[in-house]
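One structure is given below, encoded as structure tokens.
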């Protein structure tokens, strides 16, 4: 992970802490969702084939420290920014849908969430 990507992740986590302390529910929800989307993008696909059994006690089990850990993808700063842009556009699109359905309060909440993510983009 590049320094820019690490800095963006750190900024998001700092913003999350700040939102928790200030009890800003909209920013908190938006930041949690964005961080989860980034974590999901870093996940690697599960292998199709089952691993060979290495434990005499449980078929297919592996033993030892970190046996269940999988390396995660490393995203660049531009990939992280693309994820944030996608989150912002999704919030805005859904806000428009809610507005069209006559749910102005929900639409405004989604717009506030989109606005909370905007400062993390250049």
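The values are calculated or read from the model by the stated rules, or taken from the named source; none is laboratory data. All figures in this text were calculated on a predicted structure; none of them were measured in a lab. So basically every Cβ, Gly included, is an ideal-geometry build from the backbone, and we count neighbours across all protein chains shown.
Scanning the stretch 1-44 for residues that are under 12 Å from residue 87 (Cβ atoms), exposed (fewer than 13 other Cβ atoms within 10 Å of the Cβ) and modelled with pLDDT under 95 yields one hit, 40. For the stretch 86-122, a residue qualifies if it is under 20 Å from residue 19 (Cα atoms) and loosely packed, with under 13 Cβ neighbours inside 10 Å, and the qualifying residues are 118, 119, 121.
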